[in-house]
1. Spot the failing condition for D:E107; the list is (1) over 23 Å from D:S262 (Cβ atoms); (2) within 13 Å of another protein chain (Cβ to nearest Cβ), and only one is missed.
2. Identify, by number, the condition in (1) at the interface with chain D (Cβ under 8 Å from one of its Cβ atoms); (2) farther than 30 Å from A:D74 by Cβ that C:Q182 doesn't meet.
3. Give the residue that is farthest from ligand 6 (Cβ to nearest atom), with candidates limited to residues of region A:79-111 that are more than 21 Å from the chain's Cα centre (by Cα) and within 14 Å of another protein chain (Cβ to nearest Cβ).
4. Would a scan of region A:65-72 turn up a residue that is surrounded by fewer than 19 Cβ atoms within 10 Å (Cβ to Cβ), outside any strand (DSSP E or B), among the aromatic types (F, W, Y) and away from chain B (no Cβ under 14 Å)?
5. Among the strands (runs of 3 or more DSSP E) confined wholly to region D:119-218, which include 3 or more residues that are more than 27 Å from D:Y81 (Cα to Cα)?
6. Please find, among D:I192, D:I177, D:I221, the residue that is within 12 Å of chain C (Cβ to nearest Cβ) and closer than 16 Å to C:K222 by Cα.
Amino acid sequence: MLIERAHIISNTEVAHNIWEMFLDAPGIISEYKGSGQFINILVEDSWNHPLRRPMSIASAKDGKVSIIYKIFGDVTRILSKKKSGNDIEVLGPLGNTFTNWNNNYYPILVGGGVGLPPILNLKSECELSKIDHTIIIGAQNSNEHFIAHDPKNDIILTTDDGSSGESGTVMNPIDRIIKEKNRPYIFACGPEPMLVAIRDYSLKNNIPTQLSVESYMGCGVGLCQGCVISKNNTDKKENSYHEQYSLVCIDGPVYESKDIQFE
Amino acid sequence: MLIERAHIISNTEVAHNIWEMFLDAPGIISEYKGSGQFINILVEDSWNHPLRRPMSIASAKDGKVSIIYKIFGDVTRILSKKKSGNDIEVLGPLGNTFTNWNNNYYPILVGGGVGLPPILNLKSECELSKIDHTIIIGAQNSNEHFIAHDPKNDIILTTDDGSSGESGTVMNPIDRIIKEKNRPYIFACGPEPMLVAIRDYSLKNNIPTQLSVESYMGCGVGLCQGCVISKNNTDKKENSYHEQYSLVCIDGPVYESKDIQFE
Amino acid sequence: MSNLEVSIGNITFKNPIWVASGTFGYGTEAPDLIDVNKLGAIVTKSITREPREGNPPPRIVETPSGMINSIGLANIGVKKYIKEMLPIYEDLSTKIIMNIAGTDIDEYIEILELMENQSSSITGYEINISCPNVNKGGMEFGIDCDMTAKLTEELRSRTDRLIIMKLSPNVSDIVSIGKASQDSGADAVSAINTVVGMSINANTGKSNIFTTYGGLSGPAIKPIGLAAVNKLYKDLSIPIIGMGGIVSSTDVAEYILAGSTSVQVGTANFRNPGTGEDLIDMIDTYVADSNWKSLVEMIGKVEIHN
Amino acid sequence: MSNLEVSIGNITFKNPIWVASGTFGYGTEAPDLIDVNKLGAIVTKSITREPREGNPPPRIVETPSGMINSIGLANIGVKKYIKEMLPIYEDLSTKIIMNIAGTDIDEYIEILELMENQSSSITGYEINISCPNVNKGGMEFGIDCDMTAKLTEELRSRTDRLIIMKLSPNVSDIVSIGKASQDSGADAVSAINTVVGMSINANTGKSNIFTTYGGLSGPAIKPIGLAAVNKLYKDLSIPIIGMGGIVSSTDVAEYILAGSTSVQVGTANFRNPGTGEDLIDMIDTYVADSNWKSLVEMIGKVEIHN
Ligand SMILES: Cc1cc2nc3c(=O)[nH]c(=O)nc-3n(C[C@H](O)[C@H](O)[C@H](O)COP(=O)(O)OP(=O)(O)OC[C@H]3O[C@@H](n4cnc5c(N)ncnc54)[C@H](O)[C@@H]3O)c2cc1C
Ligand SMILES: Cc1cc2nc3c(=O)[nH]c(=O)nc-3n(C[C@H](O)[C@H](O)[C@H](O)COP(=O)(O)OP(=O)(O)OC[C@H]3O[C@@H](n4cnc5c(N)ncnc54)[C@H](O)[C@@H]3O)c2cc1C
Ligand SMILES: Cc1cc2nc3c(=O)[nH]c(=O)nc-3n(C[C@H](O)[C@H](O)[C@H](O)COP(=O)(O)O)c2cc1C
Ligand SMILES: Cc1cc2nc3c(=O)[nH]c(=O)nc-3n(C[C@H](O)[C@H](O)[C@H](O)COP(=O)(O)O)c2cc1C
Ligand code: FES
Ligand code: FES
């Protein structure tokens, strides 16, 4: 874990309000462990916004890290105004990683909204390791998609309104592929309702599943105790000292679906 | 008085840490009354810095307003990062103007530090009206000067350390020229110690003198009652409702030296 | 325009956006920059019995997302207010709330009586109780329940116009002061006045405010104002007028959800005297775009977790 | 390095830059990002008798130039603190101040006694009195002089280590609480704890904090902290440990000038856990570049106007 002043290589809008930024961050890369990890970004506007903003690592290679972010509020808006050549201060790499995807499973990668970046990262890792997999990407409508529906190559898009890819939520294709494949393993990141549905499904059908969750973070490094999620399995001991809660920043953001609970 | 989103035409460093910015501000120009007036500048960084920053108008012609500013703290630093083509939001024109300079006097214009802009503006007005005058510009050292010492053309520079122009403060050349000229009238703007010295001199020698003063301003338009300066002449009624104090933003910033007091 | 009307006592205000005392002069200062007749109400600068010059400078300083002021209740005094301001207010179609300050109960009473002996279009009085009471060793009225109750009662018995007690946040228990106001007949409470603060220039080593301490206002204190309003809302039955750091329509919405019936815009006027007028349109749009049928329906409806 | 040493009670700290309770865990969490041994002291997270899970999420939200937290005193409990943390502290060369919290006086006493029965390198105790007292209907210790005095006395009689009472800003009169602490034997007071605040999401209409109210910290509250410290400095003779919104060396200088003997860095650690270490070098440079002979000379020397 280190703080690095990273050079912005590029910063471009890839879909409506969704931006991709590449950073020259050799320090982060030197400690990087795998997809699921995130960085904590500081936008220097004096102390107007005291807290850093957590962003998943969407790719990490050749000394470069990328993030994909959506404009939500002040800080992401300021971020989108940065130009290549500017610097930003990043803290990372933080958090744990997806695991087991390379242990003879069939990974079903599921991403929705701003949960897509770590899933895209995991997809690259699967490709690199030549592991067959399917990726399912959910969105409300086609505006949010910046990847093409390509079922032949196991890339499945869904939209709530049917404006691109399959109509409906990600649950239909998940269920279909689970039934088609041997030793399926779900890896998902996305909005809470999506994660809740996947978790319910995985527990009911006994499908091994890892979820990367979000939480409001004060520090990203275990100091503030702000980023808790309820544990389901209170026996499981982790870095943080809690029984009932887990600190998403250091124990997560990736959890087995059976180990956590949503409110 | 109006609020205008002004286009930045140029923004350049004219001396060490001193910048000149030209603004396309036809609205401000349409209500502009003369040198001494100022604008109140907003640097939009959310509400980190809630207050606008007052800046004297250094020139006003052809729909364009210029300011000359020194980097003091956060807001002037942010201002210096603005590029031509950016917009800034300005409120103005505010305050009163120098008067009487065109009533058959010999204007002795005295500017120091960030008090120079309104004096340069007044100089242009004198030139336009073909009124003979001398300008005396004081600084601590040559770094701060961006105008050349040119006594033949009645431009006199002083530096405390003698690094350019005459050595010493502005008081020497002021005294000299007062003695040389008929109906001298001092118009000064600069750091408080300079204004205090000029005020003392003017009262002692009975020289008519107008001082443009600074004050910490909350609003610039008479709403906050923050910008007071002590009056010497409590009978003098002004826009503000005070007896003992005057509101610099609406009654000033230009005062006859006998009408005010420094603490 | 959706329905933005709100009621306090038996008075209906055309909208909930007011400007706060001390941040909008006497309502006549910035005519170029705002149509004051659009405002729900103007709360005028605190008026004392005698004119007051206020404190020596420096009176104002910026702080992170806020500012400190120590104006010292500079004002023209009640007689001049009656003579010079009331006639102007006759011609305005916005409501005027007169803010009154005093250093003992008699001063408040005297000002109110002078006003009541006068025909005027004033809608009501906001009572600034963040003033040091000379008879009680400089202790503020606003930190003591009994003094607040006494003051409210005395004023209540002398007017049928609105009485709004303006509460200080610098207390251990703002709700008990609010209750004392309510039980003694106030039509509403407003909250919050400024928070005690200090600012130092580390380069010169000097205090940035002549009186050393001043009142902190602006976005920095919004969380403090919201907490005060919500606590008051939960325990009081009279309307609450919320303020502290309001600069945007989401701020207005937050204050309404926390329990405000109307809000006051203070520090934001210094940046742009037209803020109030802008916020009226913006809150109108906010309500129209939301699931709320009217603004009144939103009052106090913040969804809490526990 | 200029002389940055400061003394509290009979203890000398190598510098005045400490990290604040609840913002630096148990001192062991961010070793990659800071050399904790450089710090003047680490104040550890509030410890209660039993381990506490703390409040459900959301526990944290950003506000203008600040943040609100409602962690709910999540901590490992005193027994685990003794077993797991004390051995670690043996190997540190910075001083450890243990922050203690409780819901009645007995809880504080019991924790202190458990600690005193233990050999340990702990330098002293900071007593968090912003805790609701279950025996007094949830009223905070920190808003009541008598409870504060009683608590201080009980603890004082049981230890020779430093006792620092940590004062709440949510009171009408922080000086009287500070005096009660001093008169009952505290070695120092620290101020301020967080300011009560609330945050609402105007889009969803929901409270951003599970417990509705939380504690405001960060630059937004710096003026409140400075005022508290300066008022305490004027009336107390024991050292004051200042905090609230410290993020830069000028902030440190302001707090020292206002009357702090040492300072604590809180929220700034979340942005950069190395802030404390950075500030030590920066305040060293500040003193060297100033006209002050030492940092101690600056304490309380703010130049006021009146
Ligand atoms: C582990 C993790 C990974 C994330 N990865 C991505 C990503 O790859 N791409 C992406 O677009 N977004 C990601 N997010 C969410 C991202 O952090 C928020 O969108 C961002 O903080 C919004 O900041 P803002 O100032 O623009 O919006 P704001 O107006 O501040 O807030 C909008 C919403 O963003 C969230 N948010 C704000 N501050 C924080 C914070 N300090 N910690 C957590 N959430 C916060 C809150 O839900 C808030 O309601 C991730 C969050 C977490 C916890
Ligand atoms: C009528 C008037 C005309 C001015 N004209 C010029 C000019 O032409 N060129 C120029 O360089 N400067 C001018 N100033 C001063 C200028 O306003 C300050 O330098 C500027 O506000 C500094 O802002 P900052 O954020 O960079 O510094 P900060 O760190 O905020 O403050 C540095 C110092 O600037 C002053 N200052 C800050 N805020 C205000 C405020 N709201 N009102 C008044 N003073 C403030 C204070 O003395 C403060 O100590 C003028 C001031 C006034 C009152
Ligand atoms: C410069 C200034 C002067 C003020 N004067 C008064 C006053 O005379 N009477 C009063 O009751 N409140 C006064 N206030 C307090 C405001 O009315 C308001 O309660 C406070 O500023 C919080 O709102 P804000 O954060 O929107 O500014 C003043 C505030 C400021 C900033
Ligand atoms: C997330 C968080 C947790 C805190 N936990 C504690 C605590 O357990 N005990 C305590 O006495 N103070 C606690 N505090 C208060 C800080 O120690 C400090 O008094 C306050 O944050 C003001 O300083 P700052 O503005 O530098 O953060 C906490 C503050 C924060 C932000
Ligand atoms: S974000 Fe601070 S502990 Fe996890
Ligand atoms: S700056 Fe507000 S009244 Fe002059």
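1. So the condition that D:E107 fails would be (2).
2. Condition not satisfied by C:Q182: (1).
3. Narrowing region A:79-111 to residues more than 21 Å from the chain's Cα centre (by Cα): A:81-87, A:104.
Checking which are within 14 Å of another protein chain (Cβ to nearest Cβ) leaves us with A:81-83, A:85-87.
Values: A:K81: 31, A:K82: 35, A:K83: 36, A:G85: 39, A:N86: 35, A:D87: 37 Å.
So, considering only residues that are more than 21 Å from the chain's Cα centre (by Cα) and within 14 Å of another protein chain (Cβ to nearest Cβ), the one farthest from ligand 6 (Cβ to nearest atom) is A:G85.
4. Going residue by residue through region A:65-72, those that are surrounded by fewer than 19 Cβ atoms within 10 Å (Cβ to Cβ) are A:70-72.
Filter again for outside any strand (DSSP E or B), leaving A:71-72.
Restricting the remaining residues to those that are among the aromatic types (F, W, Y) gives A:72.
Checking which are away from chain B (no Cβ under 14 Å) leaves us with A:72.
For region A:65-72, residues surrounded by fewer than 19 Cβ atoms within 10 Å (Cβ to Cβ), outside any strand (DSSP E or B), among the aromatic types (F, W, Y) and away from chain B (no Cβ under 14 Å): present.
5. Numbers: elements: D:124-128, D:162-166, D:188-191, D:195-198, D:213-217.
The strands (runs of 3 or more DSSP E) meeting that bar are D:195-198.
6. Testing whether each residue is within 12 Å of chain C (Cβ to nearest Cβ) and closer than 16 Å to C:K222 by Cα leaves just D:I221.
Table: residues versus (1) touching a Pro at 6+ places or on another chain (Cβ under 7 Å); (2) within 16 Å of ligand 2 (Cβ to nearest atom); (3) more than 10 Å from every other protein chain (Cβ to nearest Cβ).
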{"site": "A:I186", "(1), (2), (3)": "no, no, yes"}
{"site": "A:E192", "(1), (2), (3)": "no, no, yes"}
{"site": "A:I207", "(1), (2), (3)": "yes, no, yes"}
{"site": "A:Q225", "(1), (2), (3)": "no, no, no"}
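Rundown of residues vs (1) more than 16 Å from ligand 5 (Cβ to nearest atom); (2) surrounded by fewer than 24 Cβ atoms within 10 Å (Cβ to Cβ), yes/no style:
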position: D:D32; (1), (2): no, yes
position: D:A41; (1), (2): yes, no
position: D:K45; (1), (2): no, no
position: D:E50; (1), (2): yes, yes
position: D:E53; (1), (2): no, yes
position: D:I100; (1), (2): yes, no
position: D:I105; (1), (2): yes, yes
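The values are calculated or read from the model by the stated rules, or taken from the named source; none is laboratory data. Everything numeric here is computed off the predicted structure, so don't read it as measured data. Cβ sites come from the backbone with ideal geometry, for glycine too, and all protein chains shown count toward neighbours.
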